[in-house]
Amino acid sequence: MFLKPDYNLKSIYDIDLEELKNLGIKAVLFDLDSTIMASKSGTYTEKMLQWLKKVKENFFIAVISNNKNHGYIEKVKNISDFPLLFNACKPKTGPTKEFLHKYDLKTNECILVGDRPLTDILCGKLLGCKTILVDSITADVETKFVRFLRSLERFSIKK
């Protein structure tokens, strides 16, 4: 199925960085909210900062986010030391294509990592990137309703 991610992992920390290198991946593009940062928190955990530092040792990293809240964007910009694209309009690809062109990134050398099949994974597939679907970084504290909605969305990607 078109929405099937190349990798479907429980946690972002389960990503095999060595395997990505062996596949020729040069850039890891992350969704922001619920992927590398608790939704609308505007802060990274220390564990995430250490992991991102490790990823940056071998890859160009960037955030591709649909968020368009100016105050929140400024907060995230102030604590991030890598490129950020906000108001990306995923799954549309236009803004992300422009961003990739700006940084001279080829889609076949990028992997898009996110927690939403209908935005992150679809965008990655439409771009021609490899994709990784991860569970929300805050899955253990999400409400039952949010977990139910996530399970409905993920139902569309199962075999």
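Filter region 122-134 for residues that are open to solvent by 10 Å² or more (accessible area, probe 1.4 Å) and out of contact with any Cys (no Cβ under 9 Å at 6 or more places or on another chain); which is nearest to M37 (Cα to Cα)? So the residue we want is L122.
Would you mind stating whether S136 is touching an Asp or Glu at 6+ places or on another chain (Cβ under 6 Å) and modelled with pLDDT under 95? Answer is yes for this residue. A search for C-beta distances below 6 Å between a residue of region 55-72 that is within 12 Å of A88 (Cα to Cα) and any residue that is assigned to a strand (DSSP E or B) and of a type in the set (F, W, Y), counting only pairs 6+ apart in sequence or on different chains, returns V63/F30.
Note on region 106-139: among residues that are assigned to a loop (DSSP other than H, G, I, E, B) and hydroxyl-bearing (S, T, Y), the one that is nearest to N22 (Cα to Cα) is S136.
Say whether the condition of being touching a helix residue (DSSP H, G or I) at 6+ places or on another chain (Cβ under 8 Å), of a type in the set (V, I, T) and farther than 13 Å from K130 by Cα is met by at least one residue in region 65-86. Scanning region 65-86 turns up no residue that is touching a helix residue (DSSP H, G or I) at 6+ places or on another chain (Cβ under 8 Å), of a type in the set (V, I, T) and farther than 13 Å from K130 by Cα.
If you scan region 112-121, which residues turn out to be surrounded by fewer than 22 Cβ atoms within 10 Å (Cβ to Cβ) and of a type in the set (A, V, I, L, M, F, W, C)? Selection gives L118 alone.
Figure legend. Inter-residue proximity from region 79-91: first residues free of Cβ contacts under 8 Å to residues at least 12 places away in the same chain, second residues among the basic types (K, R), beta-carbon distance below 9 Å, spacing 6+ or different chains. Indicated pairs: D81/K56.
Residues checked against (1) among the hydrophobic types (A, V, I, L, M, F, W, C); (2) over 22 Å from Y7 (Cβ atoms):
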site	(1), (2)
L52	yes, no
V55	yes, no
V63	yes, no
I73	yes, yes
P91	no, no
Y103	no, yes
N108	no, no
V113	yes, no
K125	no, no
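Condition check for L52 on (1) over 14 Å from L29 (Cα atoms); (2) at pLDDT 95 or above; (3) not polar (S, T, N, Q): one failure, at (1).
The values are calculated or read from the model by the stated rules, or taken from the named source; none is laboratory data. Bear in mind that the values here come from a model prediction, so they are computed numbers and not experimental data. Quick reminder, even Gly has a Cβ in these numbers, built from the backbone with ideal geometry, and neighbours come from all protein chains shown. Just so you know, the surface numbers come from the protein's heavy atoms only, side chains and all, with ligands and any DNA or RNA stripped out. Shrake-Rupley method; radii C 1.70, N 1.55, O 1.52, S 1.80 Å.
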